[in-house]
Amino acid sequence: MKNNCFHKSILGLLFLSFGYFQCLMAQKIDTLYVNSNFKEANLKTFSIINNGQLTDKRSFFYFSFNNELNTVDFVIKNVDSSSKNLILEFSNALIREITLYKLENNVLTQHNKAGIDFPISKKPNEHRLFAFPIQLEHLEIGVFRLELKKESGKPLVTSALVKSESFFNKQSSGQLIFIGLYYGISFLSVLFSLFVFFVLKKARYLIYAFYIVFLGLFISSYTGLFSQLFLNDTDIFNKYRHYVLFSEISLLLFIIFSQKILEANIYMPRLKRVVDILLVVLVSIRLLIHFVFTDLFEQYVTIFMNLWYGVFLIMVLLITAEIILFFKTNFKRSSLFAIAYIFMITGVCITILYHSYGLINTTVYGLPVIFYSSFLEILFLTFTVVLMVKDIYDERNSLSEKIVIEEKKNLTAFIKGEDKERKRISKELHDNIGSQLSYLKRFVADKFKDSDVNSAIDTICNDVRNLSHEISPSDLKLIGFKNAVSDLTDSLSSQTSLSVDFNSYHFPERLEENTEVQLYRVVQETLNNILKHAEATQIDVQLIGHDSYATITIEDDGKGFDTKTKEKGLGLKNISSRVQQIGGKLEIDSKINKGTSILITIPL
């Protein structure tokens, strides 16, 4: 009895398979012929879909919201002189279940079964996509059926290409080069952003680094790389935990980063508040329908999808408005960001049209359009970040220059005030106090006839005269800079224990009045500094003239100082400012316990 039942079952299966084969012949299915020159063919052209119930002019398979299980029948004939190894490749890496059957001895036999509902080890080929091997002997006609199972209430779209094994391997290697370039640029962008974050301590660069990371994870999930690289053979790819979560986090980070770049909180606070609200709505809708209200979503999938797309479109328009408004504030930054934004939005919109409505094919050289658009987006966003960093450093340099200029102005004003006050005091000493002392001397000499008193008054008069000359040398105009410096060194040598040598070689007899005054003050200040701080015993002063410039060298054998660590005091700042005022150049060379050398170069 059991044997009879078994035989009847086998007989029924044979009749079913035979009927299936006859059905294919009746519908005159186009046969795909492969020979030695065969590389690649689009399976859609040679297929019967859902037993002929579904026909369209698309170059890819699009199964709408209704049918959960779909079939694709096709025939391949090997006309090559030897056996042929082929690969059936699907562009969609997120298909729930794919089963490949082959008609053998009038019986449909399952050859391979894979999908995201199965462990990674079930993949028939170690590839990021679902790639099923097909082997045909010489002149063999292979009759096949594909069963594609999708999620209830959601569309399924994929391209299916039949490739020769050699062409498949060659194209896969080329794709890996593009993928490597993508993640190499992404990795460098992340490192650069983190470096800038640690240097500048601004959160926007950390947000950008995280955005690139999660965008890369989203792209890896979408292209099938994530399961290949990060999951074990026994793991099952969770579409919602990986693909959906990565896409929402990357969307969240991009919007936040865009608000930072466009400085929306400063220039567009109202728009920013609306964008923030829409962002919360967008992310909440996607997470709730995929993680909380999944059953409700399956019943009203079209309504939820259109709601999400509507909110997303409003968000796109608002950010576009922010970019346009920001053009007035920072044209370069907004232009670069606008280009990156266009690439991002273009890739997302094309992908939506592909997956939800099946309107356009998004696969180029085996990789989705969003892969290329996100790569270009990262490039231009990184250029934007580089420009932002440059703007920050330019602003800091400009501020530093303004501070330096302001310091120079203040120092110049101080020096001018000092010179003016010197002249006033010198004139007061010479004209008023000097004349009064002369009157006092004559009065004492006539009244008391005391030589000691007269000698003391003479000493006071000489001191006042010397002080007046030191404060503002009135004879600088008469004797010139070179002779005034010679007198200054002679005076220093006679009044102190220092040995001061003065030499002049072809130095101009006269310079411009302001130049002479400033240079004299520089030499005077330098000698005073040596006297106060250097603890020197020997000073050499040299004036040397050249065709187009002149130099002043002042050297001492004192204790010196470290020019790298020692900050400029008021004396050195005065010297530097005076030299700059006359268009000169100041160079200081000093080593601890080895003395100091100062070189001043002035144009003639």
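For the structure I just gave you, tell me whether LEU252 is touching a residue at least 24 places away in the same chain (Cβ under 8 Å) and in contact with an Asp or Glu (Cβ under 7 Å, 6 or more places away or on another chain). No: the conditions fail for LEU252.
Pick out, from the stretch 518-604, the strands (runs of 3 or more DSSP E) lying fully within it that include 1 or more residues that are within 23 Å of LYS482 (Cβ to Cβ), open to solvent by 40 Å² or more (accessible area, probe 1.4 Å) and hydroxyl-bearing (Ser, Thr, Tyr). Steps first, please.
Working: elements: 538-545, 549-556, 585-590, 596-603.
Here the list reads 549-556.
Residues in the stretch 131-171 that are without any contact (Cβ under 8 Å) to a residue 60 or more places away in the chain and either open to solvent by less than 10 Å² (accessible area, probe 1.4 Å) or in a strand (DSSP E or B) (or both): ALA131, PHE132, PRO133, ILE134, GLN135.
Residues checked against (1) aromatic (Phe, Trp, Tyr); (2) open to solvent by less than 20 Å² (accessible area, probe 1.4 Å); (3) not in a helix (DSSP H, G or I):
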position: PHE337; (1), (2), (3): yes, yes, no
position: TYR354; (1), (2), (3): yes, yes, no
position: SER373; (1), (2), (3): no, yes, no
position: ILE378; (1), (2), (3): no, yes, no
position: GLU395; (1), (2), (3): no, no, no
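Tallying residues that are open to solvent by 50 Å² or more (accessible area, probe 1.4 Å), closer than 22 Å to SER172 by Cβ and within 48 Å of the chain's Cα centre (by Cα) within the stretch 53-92 yields 2. On the given criteria, is ARG241 in a helix (DSSP H, G or I), open to solvent by 30 Å² or more (accessible area, probe 1.4 Å) and at pLDDT below 85? Considered against the rule, which asks whether it is in a helix (DSSP H, G or I), open to solvent by 30 Å² or more (accessible area, probe 1.4 Å) and at pLDDT below 85, ARG241 comes out as yes.
Among residues of the stretch 508-537 that are without any contact (Cβ under 8 Å) to a residue 60 or more places away in the chain, those with a beta-carbon under 9 Å from a residue that is of a type in the set (Ser, Thr, Tyr) and surrounded by fewer than 17 Cβ atoms within 10 Å (Cβ to Cβ) at least six positions away or on a different chain give the pairs LEU531/THR496; THR537/SER497; THR537/SER499.
So that you can scan it fast, the table gives a plain yes or no per residue for (1) open to solvent by less than 20 Å² (accessible area, probe 1.4 Å); (2) on the phi > 0 side of the Ramachandran plot; (3) aromatic (Phe, Trp, Tyr):
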position	(1), (2), (3)
LEU215	yes, no, no
PHE218	no, no, yes
GLY224	yes, yes, no
SER227	yes, no, no
PHE237	yes, no, yes
LEU253	no, no, no
LEU262	yes, no, no
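Contact map, the stretch 225-249: residues that are touching a residue at least 60 places away in the same chain (Cβ under 8 Å) paired with residues that are among the small types (Gly, Ala, Ser) and open to solvent by less than 50 Å² (accessible area, probe 1.4 Å), Cβ distance under 7 Å, separation 6+ or inter-chain. Pairs shown: PHE237/SER227; TYR243/SER221. Is it true that SER258 is closer than 22 Å to TYR183 by Cβ, part of a helix (DSSP H, G or I) and open to solvent by less than 20 Å² (accessible area, probe 1.4 Å)? In short, no.
May I ask you to list the residues in the stretch 226-236 that are under 24 Å from LEU288 (Cβ atoms) and touching an Asp or Glu at 6+ places or on another chain (Cβ under 9 Å)? Let's see the steps before the verdict.
Of the residues in the stretch 226-236, the ones under 24 Å from LEU288 (Cβ atoms) are 226, 236.
ILE236, the sole residue that qualifies.
Please specify each residue of the stretch 84-94 satisfying the condition of being under 13 Å from PRO133 (Cα atoms) and not acidic (Asp, Glu). Quick ask: steps written out before the conclusion?
Restricting attention to the stretch 84-94, the residues satisfying the condition of being under 13 Å from PRO133 (Cα atoms) are 84-90.
LYS84, ASN85, LEU86, ILE87, LEU88, PHE90 - these are the residues of the stretch 84-94 that are under 13 Å from PRO133 (Cα atoms) and not acidic (Asp, Glu).
Test ASN112 against the stated conditions and say whether it is among the polar types (S, T, N, Q), in a strand (DSSP E or B), open to solvent by less than 50 Å² (accessible area, probe 1.4 Å) and touching a Ser or Thr at 6+ places or on another chain (Cβ under 9 Å). Answer is yes for this residue. Filtered by the rule that a residue be of a type in the set (Ser, Thr, Tyr) and closer than 28 Å to ARG396 by Cα, the stretch 170-208 gives SER189, SER193, TYR205, TYR208. The residue that is modelled with the highest pLDDT, counting only those in the stretch 22-52 that are more than 24 Å from LYS163 (Cβ to Cβ) and open to solvent by 60 Å² or more (accessible area, probe 1.4 Å), is ASN51. Residue check: is LYS163 of a type in the set (D, E, K, R) and on the phi > 0 side of the Ramachandran plot? The answer is no for LYS163.
The values are calculated or read from the model by the stated rules, or taken from the named source; none is laboratory data. Being a predicted model, the structure only gives us computed values, none of them experimental. Here Cβ is always computed from backbone atoms with ideal geometry, including for glycine, and neighbour counts include all displayed protein chains. Areas reflect the complete protein model, heavy atoms only, side chains present, ligands, DNA and RNA absent. Shrake-Rupley method; radii C 1.70, N 1.55, O 1.52, S 1.80 Å.
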